[in-house]
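Each reported figure results from applying straightforward, stated rules to the coordinates on display, with no laboratory input. Bear in mind that the values here come from a model prediction, so they are computed numbers and not experimental data. Note that we place each Cβ from the backbone using ideal geometry, even for glycine, and neighbour counts take in every protein chain shown.
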Amino acid sequence: MFSRLTLASVLGSALLVGGVFSQGSVPATSLRTPLDFGAVGDGITNDTVALQKAIDATQNGGSLYFPGGCKFLVRGLTATGEIHWLGPGGSWLSDRAVDGAVIIQGDNADSDLLTLDHAPDSSIMGIGFDGNKAHQSKPCNGIRLINCEFTRLDNVYVTSCSGSGILFENSNTAQTSDEIDLVDCYSVLNAEDGLRFGFVLPGGLWSPGDCEIIGGHYDYNSGDGINLHVSSYTGISGANILSNGKAGVDVTYCTGLNISSNMIRNNMRQGVVLGQGPQFSNCTNCAIIGNQIHLNSREEKGKYSEIEVGFGSTNTRIIGNYCGDVHTSPDYPTSAKYGIWLHDGAKHTIMVGNSCPAGETLEGGFMAEPGATYSAIANTGVPDTYPPASAMKTEHLPSNGGDIVRLTSIGKETTWFGITGAKGGAIVLPPPANLISGQSIVVKDEGGGAGKNKITVVGNGARVDGQPIGSIVTNYGSLRLRYDGTDWWSW
C-alpha cells in the first residue's frame, strides 16, 4: 500500500497536514478539481471532455486536485503546457480505491492515457492510472512524456496498460525529456515495459538524461522492468524491479548511468544487461553498484545471467553486488548461467567486491568471452587477474578508416576486429593456411560510419558466404563469421 504523501512539491510546498493536502497556506480542498468542470468520477460516466477542459483551464499556471474515491473514466488526455496535479495517495487496488483517485482508460482507446507534449516543469503526485489493458485493441501507454524537462512524478501508480506504463520520448534535438524525477512510483502489470526511455539519438549537443528514478516498484510487466534507450547521467536507486517478462534493467546507448542499491529479482531474462548481451550496447562509464541481483533468468534455463555486459560496453564498473540465486525452495531452482557475463567486445570492465558464488549458478560465477578485457579485485567467484589469462593480443594497423584493431588468439578462439574511424575501410581475413576449422571472427563498425562508407571484408583465398568479399553497410553493423575449413560463413 502506498504511504501518504509528505514531500514538498514544485507547486510551492504542497504538504499533507492532518489528512488534507495544503498548498502553502491554501488547503488542497480549495483547489479546482475535475468536478468543477463537469466530471462525475464514478468510473462509469465518460469524463474525457470534462477532464480535458480542466487540463486546458489550469495548465500553464494553475493546479488540479483529484479527490479521493474518484474514478475518472476517459479515452486519452493531452496536456501541452505545464501542469500540476495533486491526489490523496492511498490504496491503488481497483477494488479498494476508496482513498485514492484513479484515472481509467476507456475501452478500445485510440491514444495513450495521458500525454504530456512539450509540457516542461510539470508535476503529478498521488494519483493512480489504470490502462484497462484487458479491454484495449492496440498498445496504449499510461503516461507518455514528450520533450518535458524538469518534470516530477511522485507517488504515482500506473498499472494494466496495453503498452508501457511510463514512456519518455524526445521529438527534436533542441529540447529533450531530461531532468525528470520519478520518486516512489509504481509501474506494474503493463503489457510492455514498466518504464521506457524511447529516445532517439539527438546527434547534437542535447542528450536526454540527468533523470533520477528513486524507489518505487517496476514489477510484473510483460516487457522489461526499466528499459533505457539513450540516456546520459541517469540514476536508478532504491527500486524494486521484480518478476518482469524480459530483463529487469535493459540498457543501450547510455553513458554515466548509475544503477545502485536496487532489488532486482525473478525477472525472466537478465537482471541487468547492457546491450542485450552480445548485441551492441554503446554504453560507456556506467556503474552497477550495491544491488541484490538474483533469481533471474527464468525464461529458459541457462540462457541468461544476472549481469551481462554486451559488445561495445566500455569502462563499466561493477562493484559490491550480489549476483547469484538464493534457492530456498523447489519453486526457486538455480537457473542463471553466470553471475557476471562479459561478452566479446566488452572492454575495460572493473569488478570489485562482488559475490558470485559458483554453486548458485549453472556454469560458474563469472564468464569473460575472448575479446573482453577486465580487472577484478576481491570478488567471490570472479578470478582476480588483469589481464585475464585468455586476453587477446592487440595490434593497431593503419587504414583509411583510422585504426583497425586486430585482436588475435590461439586455435579456435575468436579473432575480433573493430574499425574505430568513420571512413570505412577494408579488412583482409587471414589466409586459409593460417586457420583452423572452427575459427571465428567478428568484424565490427565501431565508428558508426559504415552506412555512408562501407567496410569491405576480403576473404583472402576463402569465400565469405559464397562470395569473394563481404561487407558492412549499416552504422555500427557487424559480421560474425566462422571458418568451416574451406570458407567463411556468417552466423
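Structure data summary
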| read-out | value |
| --- | --- |
| Prolate/oblate/rounded call for segment 210-262, Cα gyration tensor, a/c under 1.5 rounded | oblate |
| Members of 246/452; 138/246; 347/454; 246/347 lying beyond 29 Å, as alpha-carbon distances in this model show | 246/452 |
| Relative packing of peptides 64-77, 474-487, 158-171 - highest average C-beta neighbours within 10 Å first | 158-171, 64-77, 474-487 |
| Anchor residue 133: aspartates and glutamates whose Cα lies under 13 Å away (excluding residues fewer than 8 positions away in-chain) | 107, 110, 112, 192 |
| Sequence ranges 41-53, 124-136, 363-375, ranked by mean other-Cβ count within 10 angstrom, highest first | 124-136, 363-375, 41-53 |
| Nitroxide proxy distance, nm - points 7 Å out along Cα→Cβ at residue 428 and residue 490 | 2.4 |
| Inter-label distance, nm, simple model (7 Å from Cα along the C-beta direction), residue 463/residue 303 | 3.4 |
| Cβ-based net charge around residue 138, under 13 Å, with every Lys or Arg adding one and every Asp or Glu removing one | -2 |
